[in-house]
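Read the structure below first, then the notes.
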Amino acid sequence: MALDTLPHTPLSRQLDNFVQWIGRGLSYIWLVLLFVIVINVLLRYLFSEGRIELEELQWHLYCIGFLLGMSYAYQADVHIRVDVLHERFSPQLRAWIELYGILLFLIPFIALILIFSVQFVSSSFLVSEVSPSPGGLPFRWAIKAILPLGFALLLLTVFARLIRVWYFLFIADEETTDCLTANDEQTEETHGR
């Protein structure tokens, strides 16, 4: 759903701004990951010395970038969807689909991940899990803790979107809805040319 179709509320704006702040800060992790990969490749091929720590650090950086970046992708509405059908629907129908998708699929999925990932992290913490590889990184629980953290951040973003969809469908006055619908039609005409 185009972001201009859904009106903001003060709470949804604060939550979205928080997620944007994290997303912008997190974008630098990809540069760090690239640097680590280049260093590891140079060490391996120029000096014939592979480093397990650097390989695991690559996985960890990718994990952090992906799991914490999910919320930013959802907030910016750049996640994958079937746009061929989605763009043909009216803003109201898109909002209804978004509402049911959030309530019936996304929130239950996030809840399951959060419930089971807390046990996953706590058991790793209790046994002081480390990498099974010789020379691997310690504190395996710390990287596993990114899983519930990433999904908690996604839940925050979903809550902000739910507020916006709810406001659009049930609270926004007719004038606001008509204005947003006209903006959506104008955007379609602009992109259609």
Flag if Gly50 is of a type outside the set (A, V, I, L, M, F, W, C), closer than 28 Å to Val130 by Cβ and in contact (Cβ under 8 Å) with a residue 12 or more places away in the chain: no
Failed item in (1) under 22 Å from Thr157 (Cα atoms); (2) surrounded by 16 or more Cβ atoms within 10 Å (Cβ to Cβ), with Leu33 passing the rest: (1)
Failed criterion for Phe159 (all others in (1) free of Cβ contacts under 8 Å to residues at least 40 places away in the same chain; (2) surrounded by fewer than 18 Cβ atoms within 10 Å (Cβ to Cβ) hold): (1)
Among residues of the stretch 90-118, those that are under 20 Å from Phe151 (Cβ atoms) and in contact (Cβ under 8 Å) with a residue 60 or more places away in the chain, counted: 2
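Which one is surrounded by the most Cβ atoms within 10 Å (Cβ to Cβ) among residues in the stretch 1-30 that are of a type in the set (Val, Ile, Thr) and under 17 Å from Gly150 (Cβ atoms)? Walk me through it before giving the result.
Of the stretch 1-30, the ones of a type in the set (Val, Ile, Thr) are 5, 9, 19, 22, 29.
Then drop every residue that is not under 17 Å from Gly150 (Cβ atoms), which leaves 19, 22, 29.
Numbers: Val19: 22, Ile22: 18, Ile29: 16.
My answer is Val19.
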Positions within the stretch 15-41 being among the β-branched types (Val, Ile, Thr) and free of Cβ contacts under 8 Å to residues at least 40 places away in the same chain, in sequence order: Ile29, Val32, Val36, Ile37, Val38, Ile39, Val41
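Is it true that some residue in the stretch 123-144 is assigned to a helix (DSSP H, G or I), among the basic types (Lys, Arg) and within 19 Å of the chain's Cα centre (by Cα)?
Scanning the stretch 123-144 turns up at least one residue that is assigned to a helix (DSSP H, G or I), among the basic types (Lys, Arg) and within 19 Å of the chain's Cα centre (by Cα).
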Residue in the stretch 76-88 that is farther than 16 Å from Ala145 by Cα, surrounded by 17 or more Cβ atoms within 10 Å (Cβ to Cβ), among the aliphatic types (A, V, I, L, M) and under 21 Å from the mean Cα position of the chain (by Cα) present: no
The stretch 129-144: number of residues that are surrounded by 13 or more Cβ atoms within 10 Å (Cβ to Cβ) and either closer than 18 Å to Gly23 by Cα or free of Cβ contacts under 8 Å to residues at least 12 places away in the same chain (or both): 3
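Matching residues to (1) small (Gly, Ala, Ser); (2) surrounded by 12 or more Cβ atoms within 10 Å (Cβ to Cβ):
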{"residue": "Tyr72", "(1), (2)": "no, yes"}
{"residue": "Ile102", "(1), (2)": "no, yes"}
{"residue": "Phe105", "(1), (2)": "no, no"}
{"residue": "Val118", "(1), (2)": "no, yes"}
{"residue": "Val127", "(1), (2)": "no, no"}
{"residue": "Ala152", "(1), (2)": "yes, yes"}
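FYI, it's all coordinate maths here, none of it is from the lab. From a predicted model like this one, the values you see are computed outputs, not experimental measurements. No Cβ is skipped: glycine too gets one built from the backbone with ideal geometry, and neighbour counts run over all protein chains shown.
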